[in-house]
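See structure below.
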Amino acid sequence: WLEESFGTARVTVFTQLASSREYLSRLDISGACEEVRRQLDQRLRRHTNRKGEVQVEWYVPRYAAVSKHKDKFERHLVDVARKSQAHDAEMADLAGQMEAAEQAYQEQLETLRGKLGEAETMPMLTAFERQAGEVASTFVAECQRISARMLSLATKAPQELQKVNEAFLAMCRRGEEGYSQTEIVFYGKEVEEVNRALEKKAQERSARREELEAEIDSKRTGPFETFTESFDEAAEQLCATKGYGKKYGKPRRKAQGLCRTLVAHSATVSQNLSQLLEYLGGLCSQPTEEMVDTSMLPRFPMCMKTERQTFQLRDFFDASTEPWSFSSELLGVLYVVVCTFSVLGTHLQVFKDEHAGKYSLEKVPAIRVLNESEVLCTAETADDVKKVEQDLRAGCMKMALGKLMEAKPFDAEIREIVADAQKDSQETFKGAVPEFMTKFLAEMKDSANRSRQESARGMRELSDRLRDSALLGLGDAAFGELTTRAIAELRSSARRAQAETAAAWAELDAQRADHEQRLSPGLSNPNAEAQLRELIEAESARTERAVETATGDRERMAACLRGACNAYVRRLSATFETAIRLVDTLPLHTHFAALPGDEHAENPRMSIKRRMRHLQNGTNLDQWGDGLPERTWAGLPRYELRARLLGGAWPADEDLSNAAEETLQEQTEGVKSFRSPLHKTLFETRGRFYDRYRAAFQDEVARRDAELIARSEREEVGRRSWQSMVRQLQGDSGSGS
């Protein structure tokens, strides 16, 4: 293939040469050369005669243009050189600024270093450290600013000048000002030389900047380390003198932490007590026109809740044989409040010395919360019942009091904290307790005492609020709901007693109707005498069963009514006594120890009515001191309600049939307590709701008695009608029963 290609190319070349030669052979080459020679001779002759004219018209103007170009190029070089020198001067000035900043930085640190000995507290000392850090940061920022400007002078500034040079060459090349090629080449070489010089300057500036930048860290750290050493020495000396720092401040921090924890526990219990009082107030304001169930109760206090469970009084009724009741919930919450008052007050030592023993936890009566028919847990109370009651009390107190439940009195806790702090200080400072620590402990004790006084003031205000307002609705809530529930139980139990023999009465009525239907005129035939006698005996047996059923209904109804009124009187008496005992355990305002500012408070004055009563009775006005006057609150009529079932058709009462009038007028045991507006309100409220129940009981007794009498009368009417019909069949000599 290659040989064929070469052969084809050779043929093509020789063919082209042959054709070109034929064309050249046709041209007159010698004549053309002669014509060219002639024209050149004529042109030379013509120019030789105009030599002077060409020099004047061409060379002189061109010389002026070249000189102008030269001057312009020189001005350009001078401008570039001047700018470069300005950049060099700015570099030197920036280096001087950095040295000045370093000098100022060192002077400022030295000034702060001299002030370290003036600091009397750690905040003041750390303020100097913070200022030193700010000074160092300012110095570094200034150096970085200078370095950034130097970097610009080492890179951007030469590059800008090189761009100006390139712009000058570009202007020369455009031809607008008539630069010749020779000038452009010449100026280009000169510009290249200038650019090389600018690059050399840039390298020198960059090297200088890097040198100064490398020294920034050493310039900052050297003086700052010296300041830091002085600061550490001053901090160590201040900590040793004032008890600051991790080592020397440990005894103070420990004591302060324990004191704050103690105060925080008291504050938490006070807050829990406020939540319990809010819940108690919600219970006292609960409407009692109808029975109250758990769904109608206000929201349970948050202090009785944990992350895992909600602690509620009603949960303990599951372990008891008694059903939950609203009055038990109400008195149970008051019981928890009273126990919390006793423990917190004893811990804070808020009571006067002569009254402190009255309000200890041991003096709080062991209330039967889970049984509203009983007041206290006594020796006769079963052990399992006692355990449930004790668990309720301990569980509620644990939730309300927390760690304060096992705490010692406030002053004793503070004394232990002070003793431990003094011991730790002696071990830390290798000797006696420093003066600053003694002063701190004294100030801590004063601060803790002020916190204790504020908590005591809050407790006193809560106690006053309970007596003056919050518990005024206690009777309406407890006695009202109990009475409403007792009336409902009375009516429902009476209905159940009546319903027990409803089927028997229906059967007896059906038998009588059947007997009357079978007592037809055909039985008057002597042949049907046996059938008549059998029917008469069947009706006689039915009548006997009816009389027995009626007697049993009345006895059962009497027992039901007597049991209901006995239960109500017993529960109402127990609820009243429980409320009185809990109210008596609440601390009085006058039994609180005096607090700062009490000297400006005006003590309440005795009313004129009470003063006149004392004068008339010849009693001493101050016989009760700062307490309440004693009083025994009368009990309830024990047998007044049962007496409604004496006489008439009611069966005899085994306990009261032969009782004397004095026995019938007997009252439940009175409650020894005190006289106050709250006690009086509870007493009057109990009487009002007793009257309400008595009226409802009388109505129920009358209604049930009327129903039983109506039943007996219907039976008697039926019996007489039966006898009449039998006599008609037998004649006047016959008998129907």
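The values are calculated or read from the model by the stated rules, or taken from the named source; none is laboratory data. Keep in mind the model is a prediction, meaning the values are calculated, not measured. A quick note on method: Cβ atoms are made from the backbone with ideal geometry, for glycine too, and the neighbour counts reach across all protein chains shown. Keep in mind that these areas ignore ligands, DNA and RNA; they rest on the heavy atoms of the full protein, side chains included. Shrake-Rupley method; radii C 1.70, N 1.55, O 1.52, S 1.80 Å.
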Looking at this structure, is Ala567 part of a helix (DSSP H, G or I), open to solvent by less than 30 Å² (accessible area, probe 1.4 Å) and at pLDDT 90 or above? yes
With the first residue restricted to segment 129-146 and required to be under 15 Å from Glu99 (Cα atoms), and the second required to be among the β-branched types (Val, Ile, Thr), Cβ contacts under 9 Å at 6 or more apart or on different chains are Ala136/Thr221; Phe139/Ile216; Val140/Ile216; Cys143/Ile216; Gln144/Ile216
Scanning segment 638-666 residue by residue, the ones that are touching a residue at least 60 places away in the same chain (Cβ under 8 Å) and under 30 Å from Thr585 (Cα atoms) total 1
Of the residues in segment 133-162 that are hydroxyl-bearing (Ser, Thr, Tyr) and more than 23 Å from His87 (Cβ to Cβ), the one that is least open to solvent (accessible area, probe 1.4 Å) is Ser137
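Here is a yes/no grid of residues against (1) out of contact with any helix residue (DSSP H, G or I) (no Cβ under 9 Å at 6 or more places or on another chain); (2) among the charged types (D, E, K, R); (3) at pLDDT 90 or above; (4) in a helix (DSSP H, G or I):
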residue: His614; (1), (2), (3), (4): yes, no, no, yes
residue: Gly687; (1), (2), (3), (4): yes, no, yes, yes
residue: Tyr690; (1), (2), (3), (4): no, no, yes, yes
residue: Val701; (1), (2), (3), (4): no, no, yes, yes
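At pLDDT 85 or above, of a type outside the set (Ser, Thr, Tyr) and open to solvent by 10 Å² or more (accessible area, probe 1.4 Å): which single residue out of Val343, Val333, Val337 fits that description?
Working: Val333 fails: open to solvent by 10 Å² or more (accessible area, probe 1.4 Å); Val337 fails: open to solvent by 10 Å² or more (accessible area, probe 1.4 Å).
Being at pLDDT 85 or above, of a type outside the set (Ser, Thr, Tyr) and open to solvent by 10 Å² or more (accessible area, probe 1.4 Å) holds for just one of Val343, Val333, Val337, which is Val343.
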**Prompt:** Would it be correct to say that Ser524 is open to solvent by less than 70 Å² (accessible area, probe 1.4 Å), out of contact with any Asp or Glu (no Cβ under 6 Å at 6 or more places or on another chain) and touching a residue at least 40 places away in the same chain (Cβ under 8 Å)?
**Reply:** yes
When segment 421-466 is checked residue by residue, the ones that are open to solvent by 80 Å² or more (accessible area, probe 1.4 Å) and under 30 Å from Tyr335 (Cβ atoms) are Glu454, Glu461, Arg465
Here the qualifying pairs (Cβ atoms under 6 Å; residues six or more apart or on different chains; first in segment 667-689 and within 18 Å of Asp468 (Cα to Cα); second modelled with pLDDT of 95 or more and polar (S, T, N, Q)) come out as none
Here the residues within segment 172-193 that are open to solvent by 30 Å² or more (accessible area, probe 1.4 Å) and either assigned to a helix (DSSP H, G or I) or touching a Cys at 6+ places or on another chain (Cβ under 6 Å) (or both) are Arg173, Arg174, Gln181, Thr182, Val185, Phe186, Lys189, Glu190, Glu192, Glu193
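Name the one entry in Tyr359, Tyr335 that is more than 22 Å from Leu283 (Cβ to Cβ) and in contact with a strand residue (DSSP E or B) (Cβ under 8 Å, 6 or more places away or on another chain). If you could, list the steps in order and put the result at the bottom.
Details: Tyr335 fails: more than 22 Å from Leu283 (Cβ to Cβ).
Sole residue among the options that is more than 22 Å from Leu283 (Cβ to Cβ) and in contact with a strand residue (DSSP E or B) (Cβ under 8 Å, 6 or more places away or on another chain): Tyr359.
Check segment 363-378 and report whether any residue there is assigned to a helix (DSSP H, G or I), closer than 22 Å to Arg581 by Cα and in contact (Cβ under 8 Å) with a residue 24 or more places away in the chain.
Looking only at segment 363-378, we keep the residues that are assigned to a helix (DSSP H, G or I), and these are 363.
Those still in the list that are closer than 22 Å to Arg581 by Cα too: 363.
If we keep only those that are in contact (Cβ under 8 Å) with a residue 24 or more places away in the chain too, we end up with 363.
Yes, segment 363-378 contains at least one residue that is assigned to a helix (DSSP H, G or I), closer than 22 Å to Arg581 by Cα and in contact (Cβ under 8 Å) with a residue 24 or more places away in the chain.
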Across segment 379-411, the tally of residues that are open to solvent by 60 Å² or more (accessible area, probe 1.4 Å) and part of a loop (DSSP other than H, G, I, E, B) stands at 3
Scanning segment 213-269 for residues that are among the charged types (D, E, K, R) and closer than 22 Å to Leu109 by Cβ gives Glu213, Glu215, Asp217, Lys219, Arg220, Glu225, Glu229, Asp232, Glu233, Glu236
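Can you tell me which residue among Gly648, Gly635 is part of a loop (DSSP other than H, G, I, E, B), of a type outside the set (Phe, Trp, Tyr) and open to solvent by less than 30 Å² (accessible area, probe 1.4 Å)? Quick ask: steps written out before the conclusion?
Numbers: Gly648 fails: open to solvent by less than 30 Å² (accessible area, probe 1.4 Å).
Step by step, each of Gly648, Gly635 is checked, and only Gly635 is part of a loop (DSSP other than H, G, I, E, B), of a type outside the set (Phe, Trp, Tyr) and open to solvent by less than 30 Å² (accessible area, probe 1.4 Å).
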In segment 668-682, residues that are within 11 Å of Thr632 (Cα to Cα) and either open to solvent by less than 70 Å² (accessible area, probe 1.4 Å) or among the acidic types (Asp, Glu) (or both) total 6
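Might you let me know whether segment 598-608 holds any residue that is at pLDDT 85 or above and outside any helix (DSSP H, G or I)? Steps first, answer last, please.
Going residue by residue through segment 598-608, those that are at pLDDT 85 or above are none.
No, segment 598-608 contains no residue that is at pLDDT 85 or above and outside any helix (DSSP H, G or I).
In this structure, does Leu472 turn out to be part of a helix (DSSP H, G or I), touching a residue at least 24 places away in the same chain (Cβ under 8 Å), of a type outside the set (Ser, Thr, Tyr) and buried (at least 20 other Cβ atoms within 10 Å of the Cβ)?
Working: part of a helix (DSSP H, G or I): yes; touching a residue at least 24 places away in the same chain (Cβ under 8 Å): yes; of a type outside the set (Ser, Thr, Tyr): yes; buried (at least 20 other Cβ atoms within 10 Å of the Cβ): no.
In short, no.
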Can you find even one residue in segment 263-281 that is assigned to a helix (DSSP H, G or I), within 30 Å of Leu112 (Cα to Cα) and open to solvent by 20 Å² or more (accessible area, probe 1.4 Å)?
no
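In the list Ala530, Ala513, Ala503, which residue meets the criterion of being closer than 25 Å to Ala564 by Cα and either within 60 Å of the chain's Cα centre (by Cα) or assigned to a helix (DSSP H, G or I) (or both)? Give the derivation first.
On the way: Ala530 fails: closer than 25 Å to Ala564 by Cα; Ala513 fails: closer than 25 Å to Ala564 by Cα.
Answer to the check: Ala503.
Within the group Ala92, Ala136, Ala86, Ala101, which residue is farther than 30 Å from Leu238 by Cα, modelled with pLDDT of 90 or more and under 54 Å from the mean Cα position of the chain (by Cα)? Before you say what the answer is, go through the steps one by one.
Details: Ala92 fails: under 54 Å from the mean Cα position of the chain (by Cα); Ala136 fails: farther than 30 Å from Leu238 by Cα; Ala86 fails: under 54 Å from the mean Cα position of the chain (by Cα).
Ala101 is the lone residue from the list that is farther than 30 Å from Leu238 by Cα, modelled with pLDDT of 90 or more and under 54 Å from the mean Cα position of the chain (by Cα).
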Considering segment 186-207, residues that are under 16 Å from Lys72 (Cα atoms) and among the aliphatic types (A, V, I, L, M), and then whichever is farthest from the chain's Cα centre (by Cα), we arrive at Val191
Expected output for segment 710-726 (first residue under 10 Å from Ala546 (Cβ atoms), partner among the basic types (Lys, Arg), Cβ below 8 Å, 6+ apart or cross-chain) is Gly718/Arg512
When restricted to Glu74, Glu107, the only residue at pLDDT 90 or above and either farther than 25 Å from Ala148 by Cα or open to solvent by 80 Å² or more (accessible area, probe 1.4 Å) (or both) is Glu107
Over segment 651-667, the set of residues open to solvent by 60 Å² or more (accessible area, probe 1.4 Å) and among the charged types (D, E, K, R) is Glu654, Asp655, Glu661, Glu662, Glu666
